[in-house]
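Take a look at the structure below.
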């Protein structure tokens, strides 16, 4: 036991809300659960709960800020729900590596697909934006995706800051990127359904 | 580290995508650029072109954020190899990383996390830095971070910890004067006495910017103009060091480039730099 275990415990406490709450209530029990020695537990026990919570919250805020920069359309369309849902999601997923913010955005986009209260066109918009992000990756890319709403009018209304709730129709998006290509090619077509007479 | 042997780069900017276009119209007003290493470790064709274009106009200094020099479990050698390849490509006069840890036990914390100021911690850092220096010959300078929480068990104060680290590792110091100001406010100490404990002859570069208040804490958000207290600190530090460069590190709420350029001009005045230098001393990029 030693510094390595102490750092592992700190990393877990910074990123795991429920463990942090347990630790605030009973640091000795949590330390023992994590396999820390009594010396290590004695070192960590005086960690100020408020400082710990502040730091953990700042980590989530940083993630939210970075994900907002990547999913700008979704954030605009979802409004304050974006942050609320992200803070719930953030407890369920921890990104890592040099592209952690990208992975965080992709995972959050997937999470949003599962949120039952979101309207279908919002989910389609999130999916559309996540696919756009994927084409920035350093690999060839070909994707064809059908959407059950009118993506182009949504983009137009977001630009004009006048969203409505009627985007019934269909869209098809195609993304293509060759190896070594700097900018992907992208086509997007939306079709309104004609009413049957 | 023999700081006087390093080139004097002047006052520059932390490069951000938001002002990429305007930047190339103002090359003469920015002495050098600091780039975030992680953004160029997996080079897409676009990022490769961007790197080449930046390097053609500015001296670039890579700034690491995820090496986790303070990790007791050791370094991620694959990450280190990629970092070494980037630094080899850019050929900078120096590069920088933080005195912190960012990962442990498979958890990527996602931010710079404070270390316990203990002798055991010092040995871990020295060992990791020695590993880094085997991979990267370019001089490394180490940056002080802000900390929202104090890790219990300290055997010395932060200034003494940093002093010992710098002296024993042979690294220079990237003194973030905004971080120093923020810590002094949040943890209630006198920043001038803190400063007096540092080996100021080892300060190579400064970081400066402004943070914001959140409830009763000053947050290191890089989101505001440099406050008066930090300008005063800059003047004090400049008097007692052989500064080779200073970087305005604005990340959020980024204003139009002329506003940032005005801050660079002010920093030149405070530090006493008279002219830009980067255009005469661009290193070769391979």
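Is the shape of region B:153-286 best called rounded, prolate or oblate, per the rule: a/c under 1.5 gives rounded, else a/b larger than b/c gives prolate, else oblate, with a ≥ b ≥ c the square roots of the Cα gyration tensor eigenvalues? Since a/c reaches 1.5 but b/c is at least a/b, the shape of region B:153-286 is classed as oblate. Beta-bridge orientation, the protein assembly as shown: approximately 45 percent antiparallel, per DSSP, counting only bridges with both partners inside.
Give the angle, between 0 and 90 degrees and rounded to the nearest 10, that separates the Cα long axis of helix A:3-15 from the longest principal axis of the Cα atoms of chain A. Roughly 40 degrees, rounded to the nearest 10. Relative contact order, percent, of chain B when contacts are C-alpha pairs under 8 Å separated by at least 6 residues? Result for chain B is 24 percent.
Peptide A:7-19 is shielded by partner chain Cβ atoms: per residue, an average of 5 of them sit within 10 Å of its Cβ. The DSSP beta bridges internal to region B:48-193 are antiparallel in roughly 25% of cases.
For the residues A:60, A:177, A:50, a GNM of chain A with alpha-carbon springs under 10 Å puts the largest fluctuation on A:50. For region B:145-286, the antiparallel share of DSSP beta bridges with both residues in that region comes to about 35%.
Its convex hull of Cα atoms gives region B:12-149 a direction-averaged projected area, equal to a quarter of the hull surface, of 9.1 nm². Going by the alpha-carbon gyration tensor, a ≥ b ≥ c the square roots of its eigenvalues, is the protein assembly as shown rounded (a/c under 1.5) or, if a/c is not under 1.5, prolate (a/b greater than b/c) versus oblate? Cα axes put the protein assembly as shown in the oblate bin. Its alpha carbons give region A:141-197 an Rg and a Dmax of 14.2, 50 Å. Working from Cα pairs under 8 Å separated by at least six residues, relative contact order for region A:66-197 is 21 percent. Based on Cα atoms of chain A, Rg over Rh with Rh as the Kirkwood radius reads 1.12.
Based on Cα contacts under 8 Å between residues 6+ apart, region B:1-73 shows a relative contact order of 32 percent.
Listing A:149, B:171 from fewest to most neighbouring C-beta atoms within 10 Å gives A:149, B:171.
Placing one equal scatterer on every Cα of region B:51-118 and applying the Debye formula, the log10 ratio I(q)/I(0) at q = 0.13, 0.18, 0.19, 0.27 Å⁻¹ is -0.44, -0.74, -0.79, -1.19. Please report, to two decimal places, log10 I(q)/I(0) for region A:1-100 at q = 0.11, 0.13, 0.14 Å⁻¹ as given by the Debye formula with identical point scatterers on the Cα atoms and no solvent. These q points yield log10 I(q)/I(0) values of -0.41, -0.54, -0.61. For chain B, a Kirkwood hydrodynamic radius built from all Cα pairs, placed in the Stokes-Einstein relation at 37 °C and 0.692 mPa s, yields a translational diffusion coefficient of 172 µm²/s. When the Cα gyration tensor is reduced to axis lengths a ≥ b ≥ c, the ratio a/c is 1.5 or higher for region A:1-41, and with a/b not above b/c it is classed as oblate. With a Förster radius of 56 Å applied to the beta-carbon distance between residue A:186 and residue B:131, the computed FRET efficiency rounds to 0.80.
Modelled spin labels at residue A:28 and residue B:46, positioned 7 Å past Cα toward Cβ, are 5.6 nm from each other. Which of A:15, A:119, A:135 moves the most in a Gaussian network model of chain A with Cα springs under 10 Å? Top of the fluctuation ranking is A:119.
With a simple spin-label model that places each label point 7 Å from the Cα along the Cα-to-Cβ direction, the separation between residue A:50 and residue A:96 comes to 3.3 nm.
Look at the stretch A:53-60: the mean tally of other chain Cβ atoms within 10 Å of its residues' Cβ atoms is 5. Here each label is just a point 7 Å from Cα along the line to Cβ, and for residue A:146 and residue A:166 those points are 2.5 nm apart. Find the Cα radius of gyration of region B:119-159, compare it with 2.2 N^0.38 Å by division, and give the number to two decimals. Normalised Rg, Cα atoms only: 1.42. For helix A:80-89, what angle does its Cα long axis make with the longest principal axis of chain A, in degrees from 0 to 90 and rounded to 10? Around 50 degrees separate the two axes. Other protein chain C-beta atoms within 10 Å of residue C-beta, averaged over B:146-156: 5.
Largest GNM mean-square fluctuation among B:37, B:193, B:113, using chain B with Cα springs under 10 Å: B:193.
A short reminder: the numbers here are calculations on the coordinates, not readings from a lab. Since the structure is predicted, the reported quantities are computational estimates derived from the model, not experimental observations. Counting neighbours? That spans all protein chains shown, and the Cβs are built from the backbone with ideal geometry, glycine included.
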